[in-house]
Amino acid sequence: MAVILVTGASGQLGNEIKVSSKNYFGYEYIFTDIDTLDITDGRKVREFIIKNHCDWIINCAAYNFVEKAETDYDKAIQINSFAVKNLVDSIKGTDSRLIHFSTDYVFDGKANVPYNEKSVTNPLSAYGKSKLEGERSALQHSASMVIRTSWLYSEFGNNFVKSILNKGKVNEPLNVVFDQTGTPTYAADLADTVLLIISKVIRNQIAFNAGIYNYSNEGVCSWYDFAMEIIQEAGLKCKVNPILTKDFPSAVQRPNYSVLDKSKIRENYGIEIPHWRASLKKCVKLLKSNSPKSEDGSPK
Ligand SMILES: NC(=O)c1ccc[n+]([C@@H]2O[C@H](COP(=O)([O-])OP(=O)(O)OC[C@H]3O[C@@H](n4cnc5c(N)ncnc54)[C@H](OP(=O)(O)O)[C@@H]3O)[C@@H](O)[C@H]2O)c1
């Protein structure tokens with residue numbers, strides 16, 4: 001039976017993988033997070049992976065504090081890159097496969113057509129730089145897949161959708177930037193995609209093709225459009241004002257445009273990708289029902 005190790009499993013994506021794993025049975029899943037497997041500890045990582053004969057590693061662990069990374073780069077690079085190298089060193093020369101995640105923030109946002117996997121990277125932020133280094137670490141293993149994703153949200157953890165819902169309930173006007181364009185990604189869709197790819201490969205329905213892939217939901221929007229849709233979907237009345245990035249003080253420079261071209265993952269793995277509005281609707285409905293998914297997929 002194939003053994004699938006999920007690291008950083010208590011985060012947004014890790015939790016969605018736990019939920020999705022109920023639909024992809026017949027494999028042994030091992031879910032770990034920093035308390036059970038700190039991926040910055042190279043010796044423990046190697047021992048754990050060898051002892052448990054892990055065939056697949058899905059690395060959901062990350063340092064995602066975009067603002068804090070500017071002053072805490074050492075921690076960001078340790079988790080986002082050096083720790084990825086620990087995973088790679090533990091499986092190098094074996095048939096085990098690594099699935100690792102990166103970000104649209106590896107781009108500088110100067111494009112005006114969607115970025116594909118060959119587009120030139122040029123991160124503007126410390127976070128983006130640490131994630132780009134992480135991609136390089138992951139790709140030191142010949143059987144690694146790096147999935148770049150953007151604007152991730154889910155019912156789990158902290159994210160833009162939950163923050164807009166919480167602020168919207170207070171009914172005070174919200175200011176949201178309209179000059180940063182990208183695509184939201186429902187972590188549940190990404191989780192399902194990852195497990196679908198793994199199950200197709202295990203069943204020999206498709207060949208595993210290592211390398212970089214893009215995945216977000218379909219469509220394009222600004223953070224302002226995204227916020228408007230969240231408020232409307234939730235039936236809230238709060239006013240949302242479009243503002244320019246220059247009027248929103250931040251120590252971090254973010255890409256103005258970071259839409260990802262998903263042709264490669266669609267064509268290589270036969271993936272169907274939902275539109276961001278359809279997926280947002282599902283997530284807001286779950287959050288509104290006050291019965292978000294628990295890790296075993298049943299209402300909490
Ligand atoms: N969130 C986004 O908007 C976004 C956008 C683009 C790409 N991504 C990428 O998508 C992937 C999944 O993101 P996510 O939003 O699901 O992340 P998340 O919610 O922040 O989850 C990351 C998990 O990793 C854990 N972790 C941190 N350091 C660790 C360590 N040394 N060893 C083991 N676990 C550790 C965290 O624990 P603690 O909470 O205790 O730190 C947390 O449970 C990441 O690679 C991320 O960079 C995210």
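The values are calculated or read from the model by the stated rules, or taken from the named source; none is laboratory data. Remember, it's a predicted structure, so these values are computed and weren't measured experimentally. All Cβ positions, glycine included, derive from the backbone under ideal geometry; neighbour counts span all protein chains shown. Accessible surface areas use protein heavy atoms only, side chains included; no ligands, DNA or RNA. Shrake-Rupley method; radii C 1.70, N 1.55, O 1.52, S 1.80 Å.
Brief remarks on what is shown
- When Val106, Val161, Val146 are screened for being in contact (Cβ under 8 Å) with a residue 60 or more places away in the chain and within 15 Å of Ser216 (Cα to Cα), only Val146 passes.
- Here Tyr63 does not qualify as of a type in the set (Phe, Trp, Tyr), in a helix (DSSP H, G or I) and within 21 Å of the chain's Cα centre (by Cα).
- Extreme residue, surrounded by the most Cβ atoms within 10 Å (Cβ to Cβ), among residues of segment 39-62 that are farther than 15 Å from Asp89 by Cβ and near the ligand (Cβ under 6 Å from one of its atoms): Ala61
- Pairs, first free of Cβ contacts under 8 Å to residues at least 40 places away in the same chain and charged (D, E, K, R) in segment 19-48, second part of a loop (DSSP other than H, G, I, E, B) and exposed (fewer than 14 other Cβ atoms within 10 Å of the Cβ), C-beta under 6 Å, six or more apart: Glu28/Met1
- Condition check for Glu16: over 27 Å from Glu155 (Cα atoms), in a helix (DSSP H, G or I) and either within 13 Å of the ligand (Cβ to nearest atom) or modelled with pLDDT of 95 or more (or both): no
- Elements of type helices (runs of 4 or more DSSP H) in segment 159-236, at least 1 residues being in contact with a Lys or Arg (Cβ under 8 Å, 6 or more places away or on another chain): 187-202, 223-233
- Within segment 133-144, the set of residues being surrounded by fewer than 21 Cβ atoms within 10 Å (Cβ to Cβ) and within 19 Å of the chain's Cα centre (by Cα) comprises Glu133, Arg136, Leu139.
- Residue within segment 115-124 that is open to solvent by less than 10 Å² (accessible area, probe 1.4 Å) and more than 22 Å from Ser279 (Cβ to Cβ) present: no
- Out of Val106, Val66, Val84, one residue alone is of a type in the set (Val, Ile, Thr), modelled with pLDDT of 95 or more and open to solvent by 20 Å² or more (accessible area, probe 1.4 Å). It is Val66.
- Taking the conditions (1) open to solvent by less than 40 Å² (accessible area, probe 1.4 Å); (2) in contact (Cβ under 8 Å) with a residue 60 or more places away in the chain; (3) not in a loop (DSSP other than H, G, I, E, B) in turn, Ile271 satisfies each one other than (3).
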